[in-house]
Each structure stands twice: as structure tokens, then as C-alpha cells.
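Engineer: Structure below; questions to follow.
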Amino acid sequence: MEGTKPRAVYEKEVVNNFRELLERVNTKFKDNVAYKYKKDATKKEPEYVEKTYGEYVSDVKALGTSLLELGYEEKKIVIIGNNRYEWCTTYMAVATSNMVIVPIDKALPENEIENLVIRSGAELVFFDKKYTEVMLKLKKDEKTKVNTLISMDNEENLEIEKYSELLKTGYSLLEKGSTKYEDVKIDENKMSILLFTSGTTSTPKGVMLSQKNICSNLSDFSSWLKIYEKDTLLSFLPIHHTFECTITFLYGMYSGATVAFCDGLKHIQKNMKEYKVSILVAVPLVLETMYKKIQKGIKEQKKEKLIETITKISNGLLKIHIDLRKVFFKQILDNFGGNLRLVLYGAAPMNKETIIEFNNMGIELVQGYGLTETSPVISAETEKEKRPGSVGLVFDDLSVKIVNKDEDGIGEILVKGPSVMLRIL
């Protein structure tokens with residue numbers, strides 16, 4: 001990575017803050033389906049919900065207006081829960097209303113959730129019903145500043161506000177001519193997102209990110225890899241994490257693509273089929289599991305030799321620019337919906353054989369490297385520059401050095417550029 005400054009594959013399309021991001025999608029992709037999900041995934045015949053980007057932007061403005069009316073400008077607001085439409089709306093409404101959004105890991109034990117809420121200084125919490133008892137306790141705890149609880153599941157409890165009512169109030173205020181949301185001036189260089197990450201220490205670090213940090217990363221990514229407005233991404237990695245949040249949620253939005261919410265890790269394959277998923281943002285463990293299922297199916301059908309022969313023929317044709325992988329491996333690809341074309345992955349190394357075999361079948365695997373403190377992507381493979389096992393090339397706007405190297409070239413990675421965090425809390 002050191003000293004590499006490649007030319008970008010695509011022309012960069014710059015956004016500087018989340019208001020500009022919303023304006024972009026509302027102008028370019030207003031009628032595109034932004035989100036797909038089930039109203040109740042437990043039903044045998046669930047009702048599917050679709051939200052356009054126009055509807056999403058309107059909900060963001062309404063929710064932001066309501067929060068501003070309640071006096072939360074410049075305050076910190078926690079959100080904890082599953083990947084869902086309300087999470088995405090809340091995140092953007094808070095950030096574009098001159099407030100600080102504090103996404104917290106839904107998998108943390110109660111004592112750690114309490115600790116992070118206290119450390120954040122948050123005064124309001126959005127949450128799933130699973131956390132109702134925890135939040136009621138927190139509100140009564142004198143060590144916290146929490147004074148308002150908002151359930152994204154609209155629970156009937158006198159101590160808890162309903163997300164739906166907050167949204168309804170916001171629309172009412174807008175109809176009456178409120179300009180509080182429009183009047184907010186965004187400082188793209190100050191802290192807008194506070195993320196707690198364990199990193200390499202036992203005590204979680206509070207990483208302070210600005211909208212400029214994250215938007216510079218989105219802009220850089222746009223010059224490296226294309227997500228198209230006709231693509232559908234499946235959101236299943238924890239959305240509080242910067243990898244899922246920046247790439248699936250925010251870059252999916254930036255591109256005008258559709259984000260479908262997964263019913264749970266056990267349902268990834270099923271959801272890929274029903275939502276016709278074309279892009280997956282994943283970690284190696286998920287991909288290794290998928291690969292093992294494919295190999296198991298091939299062995300059970302005693303088609304190892306056939307697949308080996310087809311692969312050789314397919315790779316030979318690729319050398320003369322004839323790509324028939326989607327035809328040759330259709331039966332296998334149909335198990336994952338038949339539309340998967342690209343997998344973006346990171347967070348850990350992956351077996352090279354798995355990478356090669358996915359590529360042989362016509363599913364392009366692209367690896368990247370980054371961390372929360374860099375919003376998060378530092379480097380990634382491109383469609384032109386790829387090598388199995390490589391984390392790719394450093395973004396043009398970033399400078400990377402490896403210092404204090406040992407005899408194997410392993411050392412400390414130093415990164416400089418606009419996506420690097422403001423500081424640690």
C-alpha cells in the first residue's frame with residue numbers, strides 16, 4: 001500500500017455532508033425503491049414494504065423537525081436496535097439536524113450498554129422493544145442524562161414516546177410552515193457521529209467522526225467501485241458498525257440502490273433469493289460458509305469432475321474475452337438468487353481458494369481494508385486492479401506509511417487524509 005497512488009477507475013462524485021447526500025438522492029433517485037423489508041417476518045405470508053428515496057427524505061425531514069421542536073439541537077442521541085428502516089431514518093434525521101448520533105452495538109450486555117450511554121452524555125435514546133426494560137432503568141439512573149425514550153416499535157407505555165407519533169408530529173409541524181429543519185446550518189467538520197469501538201483495548205474507544213470524514217470516504221469509494229441504482233444490497237451485518245453503515249446504508253443511498261433488510265443470519269440465502277440481491281457486503285466467515293454449502297452440494301451430486309472441467313473451459317474462454325460463467329454455473333448461482341454479481345468484504349483475511357472459486361463462478365469478490373477511525377475504508381481492490389488475498393490500493397485522497405517494520409515487513413500503519421477521525425473521546 002505504501003506510496004501507491006493509482007488513477008481512479010471512475011470520476012469521483014463529491015458530497016461534503018449528509019444534507020448534500022439527501023439532496024443528491026432526492027434529485028436523482030426520488031422514485032427509486034430505497035428500502036425493502038417485511039412488516040412481520042414471522043408470518044408465513046408476510047407483507048412486504050417498499051419505501052422510495054422520496055419517502056425516505058420526507059420522513060427524515062419530519063423526524064428532524066420534531067426533534068428540533070423538542071429542543072435537542074446540539075445534543076447527543078443514542079440509537080440501538082436491529083437493521084431496519086426506522087434506524088436509517090433516525091440516524092440521518094439526527095445527523096442532519098445538528099445533533100450527534102451515537103449508534104450502539106445491539107449485542108452488548110446490559111452493563112456495557114449502560115456504560116456507553118453514560119459516557120456518551122446522550123439525553124435521548126431510540127431503541128427496539130427488546131431494550132425496553134434496560135432503557136427504563138437507564139432513564140431512572142442518576143448517572144445518565146437520559147430524559148426521553150423513543151420506541152421504534154411504538155410501545156404503549158406512558159414513560160416511552162412512540163417513533164410513529166414523533167414522525168406524525170413532524171409532518172404536522174411542516175404542514176404548518178415550520179422551517180426549523182431547513183434553517184439548520186450544517187458544520188460538516190465538527191463531530192456528528194460518535195462510535196464506540198473496542199479496538200485493541202478492553203475499554204471501548206469513542207471515535208469522533210464528522211460528516212466530512214464519512215462523505216469523503218463515500219466520494220473516494222465512488223471512484224473505485226460502482227454500485228448502480230438497479231442493484232439491491234442485503235443488509236445483515238450489524239448496522240451500528242461503520243463497515244455496514246458506510247458501505248451498505250450510506251453508499252447504497254449515495255448510489256440510488258435498494259437496501260433490503262435481512263430477517264437474520266439464518267435467512268441470508270433465502271433473503272438473497274426473494275429480494276434478488278445483486279451485492280453483498282460481508283465478512284469472510286459468511287462467505288466461507290456459503291462456499292462450504294456449494295462444495296457440499298457438488299459432492300453430494302458427485303459433480304466434482306464436471307465442475308472442474310467446466311471451470312477450465314470457462315477460464316479458457318475468459319482469456320479471449322468470452323464470459324459464460326453465469327451460464328455454466330447457473331444452477332449453483334440460482335441457490336443464491338441468481339443475481340449476485342459482487343461481494344465487498346473485509347474485517348479479516350480469507351482463504352485464497354474461496355476467493356478464486358467465487359470468481360470462477362462469476363461472482364466478483366472485492367476486498368478492502370479499513371477501520372472505524374478512518375470512516376472506514378483506507379484501501380480496496382478495483383475492477384481493474386485485483387489479486388486474491390490483497391486489500392487493494394490506497395484511496396487517492398489518503399496517504400499511508402508503514403513504520404517500525406520488522407524483518408517480514410510488518411509494522412505500524414499510519415494514515416493521513418480527510419476520512420481520518422477528529423479524535424478519540
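To keep it simple, each residue is scored yes or no on (1) at pLDDT 95 or above; (2) part of a loop (DSSP other than H, G, I, E, B).
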site	(1), (2)
Ala122	yes, yes
Val125	yes, no
Val146	yes, yes
Glu155	no, yes
Lys168	yes, no
Leu174	yes, no
Ser192	yes, no
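Engineer: Okay, next question. Among Ser178, Ser223, Ser198, Ser219, which is more than 24 Å from Phe261 (Cβ to Cβ), assigned by TED's automatic domain parsing to the domain that holds Thr89 and hydroxyl-bearing (Ser, Thr, Tyr)?
Structural biologist: Ser178
Engineer: Look at the stretch 11-40 and say how many of its residues are assigned to a loop (DSSP other than H, G, I, E, B), in contact (Cβ under 8 Å) with a residue 40 or more places away in the chain and out of contact with any Cys (no Cβ under 9 Å at 6 or more places or on another chain).
Structural biologist: Initial filter on the stretch 11-40 (assigned to a loop (DSSP other than H, G, I, E, B)): 11-17, 29-32, 39-40.
Remaining after also requiring in contact (Cβ under 8 Å) with a residue 40 or more places away in the chain: 11-17, 29, 32.
If we keep only those that are out of contact with any Cys (no Cβ under 9 Å at 6 or more places or on another chain) too, we end up with 11-13, 29, 32.
Result for the stretch 11-40: 5.
Engineer: Of all residues in the stretch 311-369, count the ones that are touching a strand residue (DSSP E or B) at 6+ places or on another chain (Cβ under 7 Å), of a type in the set (S, T, N, Q) and either outside the structural domain of Lys299 (by TED's automatic domain parsing) or crowded, with 19+ Cβ neighbours inside 10 Å (or both). Let's see the steps before the verdict.
Structural biologist: Residues of the stretch 311-369 touching a strand residue (DSSP E or B) at 6+ places or on another chain (Cβ under 7 Å): 340-346, 355, 358-359, 363-369.
Filter once more, keeping what is of a type in the set (S, T, N, Q): 359, 367.
Now narrow it down to the ones that are either outside the structural domain of Lys299 (by TED's automatic domain parsing) or crowded, with 19+ Cβ neighbours inside 10 Å (or both): 367.
Residues meeting the conditions: 1.
Engineer: Which of the residues spanning the stretch 404-421 are β-branched (Val, Ile, Thr), part of a loop (DSSP other than H, G, I, E, B) and farther than 18 Å from Ser216 by Cα?
Structural biologist: Taking the stretch 404-421 and keeping what is β-branched (Val, Ile, Thr), we get 410, 413, 415, 420.
Adding the requirement that they be part of a loop (DSSP other than H, G, I, E, B) leaves 410, 420.
Of everything in the stretch 404-421, just one residue is β-branched (Val, Ile, Thr), part of a loop (DSSP other than H, G, I, E, B) and farther than 18 Å from Ser216 by Cα, namely Ile410.
Engineer: Shifting gears a bit: Exactly one condition in (1) crowded, with 19+ Cβ neighbours inside 10 Å; (2) touching a helix residue (DSSP H, G or I) at 6+ places or on another chain (Cβ under 9 Å); (3) not basic (Lys, Arg) is not met by Ile118; state its number.
Structural biologist: (1)
Engineer: Let me ask something else about it. Which condition number does Met290 fail, the rest of (1) touching a Lys or Arg at 6+ places or on another chain (Cβ under 8 Å); (2) closer than 27 Å to Tyr37 by Cβ being met?
Structural biologist: In the conditions (1) touching a Lys or Arg at 6+ places or on another chain (Cβ under 8 Å); (2) closer than 27 Å to Tyr37 by Cβ, Met290 misses (1) alone.
Engineer: Please go through the stretch 190-246 and pick out each residue that is charged (D, E, K, R), surrounded by 19 or more Cβ atoms within 10 Å (Cβ to Cβ), out of contact with any strand residue (DSSP E or B) (no Cβ under 6 Å at 6 or more places or on another chain) and under 24 Å from Lys270 (Cα atoms).
Structural biologist: Answer for the stretch 190-246, where residues must be charged (D, E, K, R), surrounded by 19 or more Cβ atoms within 10 Å (Cβ to Cβ), out of contact with any strand residue (DSSP E or B) (no Cβ under 6 Å at 6 or more places or on another chain) and under 24 Å from Lys270 (Cα atoms): just Glu244.
Engineer: Could I ask something else about it? Taking Lys51 as the residue in question, decide whether it is in contact with a strand residue (DSSP E or B) (Cβ under 8 Å, 6 or more places away or on another chain), outside the structural domain of Asp396 (by TED's automatic domain parsing) and either charged (D, E, K, R) or assigned to a helix (DSSP H, G or I) (or both).
Structural biologist: Spelling it out, Lys51 is indeed in contact with a strand residue (DSSP E or B) (Cβ under 8 Å, 6 or more places away or on another chain), outside the structural domain of Asp396 (by TED's automatic domain parsing) and either charged (D, E, K, R) or assigned to a helix (DSSP H, G or I) (or both).
Engineer: Hey, does the stretch 231-246 have a residue that's under 19 Å from Tyr275 (Cα atoms), part of a helix (DSSP H, G or I) and among the hydrophobic types (A, V, I, L, M, F, W, C)?
Structural biologist: No: zero hits.
Engineer: Another question, then. Cβ contacts < 9 Å: first residue on the phi < 0 side of the Ramachandran plot and of a type in the set (A, V, I, L, M), restricted to the stretch 156-169; second residue in a loop (DSSP other than H, G, I, E, B) and modelled with pLDDT of 95 or more, any location; separation 6+ or different chain. Result?
Structural biologist: Leu166/Leu70
The values are calculated or read from the model by the stated rules, or taken from the named source; none is laboratory data. Keep in mind that what you see is a predicted model, and the values were worked out from it rather than measured. Counting neighbours? That spans all protein chains shown, and the Cβs are built from the backbone with ideal geometry, glycine included.
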